[in-house]
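The values are calculated or read from the model by the stated rules, or taken from the named source; none is laboratory data. All of these numbers come straight from a predicted model, not from anything done at the bench. A quick note on method: Cβ atoms are made from the backbone with ideal geometry, for glycine too, and the neighbour counts reach across all protein chains shown. With ligands, DNA and RNA removed, areas are computed over all heavy atoms of the protein, side chains included. Shrake-Rupley method; radii C 1.70, N 1.55, O 1.52, S 1.80 Å.
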Amino acid sequence: METDTGLTRALIGAVEHKCDLINMSYGEPTLLPDYGRFVDLVNEVVNKHRLIFVSSAGNSGPALNTVGAPGGTSSSIIGVGAYVSPAMAAGAHCVVEPPSEGLEYTWSSRGPTADGDLGVSVSAPGGAVAPVPTWTLQKRMLMNGTSMASPCACGGIALLLSAMKAEGIPVSPYSVRKALENTSIPVGESLADKLSTGQGLMQVDKAHEYIRQSKNIPSVWYEVKINRTGKSMPTSRGIYLREASVCQQPTEWTVLVEPKFHEGASNLEELVPFEECIELHSTEKAVVMTPEYLLLTHNGRSFNIVVDPTKLSDGLHYYEVYGVDCKAPWRGPIFRIPVTITKPMIVKTRPPLVSFTRMSFLPGHIERRYVEVPLGASWVEATMRTSGFDTARRFFIDTVQICPLQRPIKWESVVTFSSPYAKSFAFPVVGGQTMELTVAQFWSSGIGSHETAIIDFEIVFHGIDINKEDIMLDGSEAPVRIDAEAVLASEKLVPAAILSEIRVPYRPVDAKLSTLTTDRDKLPSGKQTLALTLTYKFKLEDAANIKPQIPLLNNRIYDTKFESQFYVISDANKRVYAIGDAYPESSKLPKGEYNLQLYLRHDNVQYLEKMKQLVLFIVRKLDDKDVIRLNFFSEPDGPVMGNGAFKSTVLVPGKKEAIYLGPPVKDKLPKNAPQGSLLLGAISYGKLSFVGLGEGKNPKKNPISYQVSYIVPPNKVDEDKGKGSSSTSSKTVSERLEEEVRDAKIKVFASLKQDLDEECSEWKKLSISLKAEYPNYTPLLAKILEGLVSKSNVEDKIAHGEDIIGAANEVIDSIDTEELAKFFSLKSDPEDEEAEKIKKKMEMTRDQLAEALYQKGLAISDIESLEDLTWIYVDVSDSSKSENIGYMETNSKVREKAEPVAAPEGTKGGKYAPGGQQDLFEENFKELRKWVDVKSSKYGTLLVIRERRCGRLGTALKVLNDMIQDDADPPKKKFYELKLSLLDEIGWSHLATYERQWMHVRFPPSLPLF
């Protein structure tokens, strides 16, 4: 889908290349019309650089208030609706019998906007035979939508611009738009059809004549700002009376009209002389009363309008106030003020039921009904009955409600009736707000049949009034009390609640602010775009479906002041597992540690500075078996006592009843749920009347549900914490202090770096000092071995390998292997605290022994690969244990029985004579095999090396493949490099080539650029 970064760069490129005309066929609903970062940039390129911006109105019709952003909601953009002509219907759509007149496509979005603007500027043909990708196995195909209408209009405007340039007429988006709107042919019979078609079907030839005639008139855009008299906010671009309360009395509105010139207009030659005498007109003076004249200068002028809807019938009413230049009435309206009134019917019956009977439908016909949803209603059960037709009929059923600072609340369904029958629907509603019900027969449905379809539509409002819609369980054992009441009619209270997700908050571990390149990220205003890259780290203990969430930014592209948001989820190998933008999606990730990089852009550094500690949520979906079903109780102590379970009851109007929602059982909480995270789910209270007995248990599938959340409390305190063991308590204070000092020294020693020569020297001195101070202390010797293994800047690899072998031998010699073996030969009592502590200590010792044997084996193998034939002398701290490791051969030689050889010059004699060499690698491996599973991913590398040394390359490859497959962590590059070397040695070049190509995917050199 589109991104703000791509849209912004497109605007920058259009200005840079001095484009005259832009088309865009993207859009979505919006919280606020004519608002957002992208809209601000569009205003700039239109007003300053004189670009003409054309965009699709959207395909969310036939209900009103469905125009999308930015095409249908932005003042600087020409929003285009989709029109189908009889010729298009016959030639492109191949209908049996084309309509007698052209009409708007049924799905084309309609106005007005939430602030009363018309929404659609003009209409254009909404179908085209367009090029398509070759994977469709065809060159072109019929496409239809406002995405086709917008480029069609753009092409017509291009003809206008070509003529204007050829005739020397200055190009202005203001004059071109005025010409298009004032010369369009109206579509439809009523004035209210403008909400669907705008000013009508655009006429290029007439628009050209209009422009030629008005070429000497200043290019001016008339900005209209409207406030209800006595209120400074909100400001709108039209008058929209939608709710029942504002239709019960006249209202007065203050209108400010300000002429806007293009940036750079001369003050003395254009702004000061500007003066127009305007005659104001109302399309219905009995409803919309306005002054007769207005003298307009550059500084603008305000006047008042009175709207009286009290005598109007229920339904849709549309009027206009427009201004005409007294000196040039041929110009037509130079500004328009849309006045839309949707007067709803009031539901007074109890139970609340509304029926719309005997509605007649022909192809393309639309019926709109407006109902004030009764207070206390939260969902609707509707029944649609059809009759009176022969061939199949296709209907669009839409409902729309408008709430402040929300996107339109829309429910829609498309139903095809092959024969007359009844169908039931259920959808949520908001009590106290006007609901539009739109039923439309698809424009091409039923063509060829002259029978009229008859529709009966019945609506029954239901609702259970709750004192708190969104429930928060605070993590304690206390339940939450919920008051429920049926306001409209008797309702069955059947509560259901589940927790199905866990949401964990994260702060960024790194924030980098950078200036982007000047070639494509420098705005037309000259400001430079900045980028903020935030890095988050998270860990999954098991494979899971996760979705990142940023509540401040998500689900908004056009109605946000931030330019873009991208994220990339990668592992330690920089392999990308998921990418996303403003609309994050769930991704299945394997177990492991991950980095998430979030990318934000803006030209204001202060805004980005405020985002450096932006909280991000990782939402993990629970498996079906882990979903928690919450219980309801009729008593406050029910969750603890286990009695008073609540199932259902019948609510009677006028009487409240209370229930308790209990917290989840602690044993059912998902593992790895950190303290402070949230378990999220849904809760519902009602049930559809036409749902079976076994259904309705999932609140998300009920007609209306709300969010329920549970704060994960701290884990239970470890009962052993704070209790000293018998061995610890038996030690004196000085002994315990000495142990604490020793452990602190080792901890500091383990944290030292060895990047520089000075650091390596200090590390070595400290290791010798600590070994002298704490001889044969296994944890210290293990840390020394760990430090040697982690050292990277090694020049003499053979000497380094000898050091590792020596350190490993010291660890091995410090451990009493017989005592260790005896301990693991017996089972310990899990209920004996002291025995469990000893077990943990012995397990740690065993792991240190295994690690020493493992690292020793790797070092021996590394030295084998570096020398053809050598004796290695290892000097350990105990002089009596100094020894020659033995005879080594490289992997490339065929192993034969070693012949007695003289010791190379410079080597020391030891317990092994030259004539009796031993394979120390094999002895070391056999010792390791006694303590651990050598096939595991942790120690399996040594088994692969062993099989390779023995010439069993196939077995080595199989072991390595099993390790790669069984390893739950992200793939380790060393495993795949070892696999490549095995494949090369076996001679399977085709597999080696395949694996090398995949190395670029598994281990990319860097993350992709945003």
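Structure notes:
- On inspection, Glu810 fails the criterion of being loosely packed, with under 10 Cβ neighbours inside 10 Å, part of a helix (DSSP H, G or I) and modelled with pLDDT of 85 or more.
- Applying the set (1) assigned to a loop (DSSP other than H, G, I, E, B); (2) in contact with a Ser or Thr (Cβ under 8 Å, 6 or more places away or on another chain); (3) buried (at least 20 other Cβ atoms within 10 Å of the Cβ) to Ala377 leaves exactly one unmet item: (2).
- In region 635-663, the residues that are of a type in the set (Val, Ile, Thr) and exposed (fewer than 14 other Cβ atoms within 10 Å of the Cβ): Val640, Val650, Val652
- Search result, residues across region 959-994 that are within 25 Å of Ala543 (Cα to Cα), over 29 Å from the mean Cα position of the chain (by Cα) and of a type in the set (Asp, Glu): Asp962, Asp966, Asp967
- Unmet criterion (only one of (1) surrounded by fewer than 21 Cβ atoms within 10 Å (Cβ to Cβ); (2) in contact (Cβ under 8 Å) with a residue 40 or more places away in the chain; (3) among the charged types (D, E, K, R)) for Asp117: (1)
- Which listed residue is in contact (Cβ under 8 Å) with a residue 24 or more places away in the chain and within 26 Å of Ile498 (Cβ to Cβ), from Lys588, Lys574: Lys588
- All conditions but one from (1) at pLDDT below 95; (2) within 17 Å of Arg110 (Cβ to Cβ); (3) touching a strand residue (DSSP E or B) at 6+ places or on another chain (Cβ under 7 Å) apply to Arg407; the one that does not is (3).
- For region 321-332, filtered to residues that are surrounded by fewer than 20 Cβ atoms within 10 Å (Cβ to Cβ) and assigned to a strand (DSSP E or B), the residue that is farthest from the chain's Cα centre (by Cα) is Asp325.
- Residue that is nearest to Glu44 (Cα to Cα) [pool: residues in region 238-295 that are assigned to a loop (DSSP other than H, G, I, E, B) and polar (S, T, N, Q)]: Ser266
- Residues satisfying the stated conditions in region 613-624, i.e. more than 14 Å from the chain's Cα centre (by Cα) and open to solvent by less than 60 Å² (accessible area, probe 1.4 Å): Leu614, Val615, Leu622
- Filter pass, Asn59 being outside any helix (DSSP H, G or I) and not charged (D, E, K, R): yes
- Filter result for Tyr318 (in a strand (DSSP E or B), open to solvent by 50 Å² or more (accessible area, probe 1.4 Å), over 30 Å from Ser525 (Cα atoms) and of a type in the set (Phe, Trp, Tyr)): no
- Of the strands (runs of 3 or more DSSP E) lying entirely inside region 533-648, those containing at least 2 residues that are among the β-branched types (Val, Ile, Thr) are 564-570, 576-580, 616-621.
- Extreme residue, least open to solvent (accessible area, probe 1.4 Å), among residues of region 8-39 that are out of contact with any strand residue (DSSP E or B) (no Cβ under 6 Å at 6 or more places or on another chain), free of Cβ contacts under 8 Å to residues at least 40 places away in the same chain and in a helix (DSSP H, G or I): Ala10
- Meets criteria (open to solvent by 20 Å² or more (accessible area, probe 1.4 Å), assigned by the TED database to the domain that holds Leu679 and among the aliphatic types (A, V, I, L, M)) for Ala478: yes
- Scanning region 715-771 for residues that are under 30 Å from Pro674 (Cβ atoms), at pLDDT 85 or above and β-branched (Val, Ile, Thr) returns Ile746, Val748.
- Where strands (runs of 3 or more DSSP E) sit wholly within region 444-509, those with at least 3 residues that are touching a Ser or Thr at 6+ places or on another chain (Cβ under 8 Å), within 24 Å of Ala682 (Cα to Cα) and not acidic (Asp, Glu) occupy 471-473, 496-506.
- For region 180-221, a tally of residues being surrounded by fewer than 20 Cβ atoms within 10 Å (Cβ to Cβ) and under 30 Å from Thr251 (Cα atoms) returns 8.
- Selection of first residues in region 622-640 that are touching a residue at least 40 places away in the same chain (Cβ under 8 Å) and of second residues that are among the polar types (S, T, N, Q), restricted to Cβ pairs under 7 Å at least 6 apart or on distinct chains, gives the following pairs, ordered by first then second residue: Leu622/Ser500; Val627/Ser500.
- Single residue of region 774-801 satisfying the filter (at pLDDT below 90 and of a type in the set (D, E, K, R)) that is most open to solvent (accessible area, probe 1.4 Å): Glu795
- Among the conditions (1) open to solvent by 60 Å² or more (accessible area, probe 1.4 Å); (2) within 20 Å of Phe632 (Cβ to Cβ), the only one that Arg520 does not satisfy is (2).
- Filtered residue count, region 658-707, keeping only those that are modelled with pLDDT of 90 or more and either in a helix (DSSP H, G or I) or touching a Cys at 6+ places or on another chain (Cβ under 8 Å) (or both): 0
- Those residues of region 834-855 which are touching a residue at least 60 places away in the same chain (Cβ under 8 Å), among the acidic types (Asp, Glu) and surrounded by 14 or more Cβ atoms within 10 Å (Cβ to Cβ), in sequence order: Glu851
- Check on Ser100, buried (at least 24 other Cβ atoms within 10 Å of the Cβ), among the small types (Gly, Ala, Ser) and touching a residue at least 12 places away in the same chain (Cβ under 8 Å): no
- For Leu1007: the one exception among (1) in a helix (DSSP H, G or I); (2) surrounded by fewer than 16 Cβ atoms within 10 Å (Cβ to Cβ): (1)
- Set Ile466, Ile447, Ile402, Ile454: member being out of contact with any helix residue (DSSP H, G or I) (no Cβ under 6 Å at 6 or more places or on another chain), within 21 Å of Pro653 (Cβ to Cβ) and not hydroxyl-bearing (Ser, Thr, Tyr): Ile466
- Applying the set (1) open to solvent by less than 20 Å² (accessible area, probe 1.4 Å); (2) at positive phi to Leu137 leaves exactly one unmet item: (1).
- Test set (1) farther than 29 Å from Pro329 by Cα; (2) surrounded by 19 or more Cβ atoms within 10 Å (Cβ to Cβ) - Cys94 fails condition number: (2)
Residues are listed down the side, and each one gets a yes or a no for (1) modelled with pLDDT under 95; (2) open to solvent by 60 Å² or more (accessible area, probe 1.4 Å); (3) assigned by the TED database to the domain that holds Val665:
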residue: Ala572; (1), (2), (3): yes, yes, no
residue: Val576; (1), (2), (3): yes, no, no
residue: Gly580; (1), (2), (3): yes, no, no
residue: Tyr583; (1), (2), (3): yes, yes, no
residue: Lys591; (1), (2), (3): yes, yes, no
residue: Leu598; (1), (2), (3): no, no, no
residue: His602; (1), (2), (3): yes, no, no
residue: Val605; (1), (2), (3): yes, yes, no
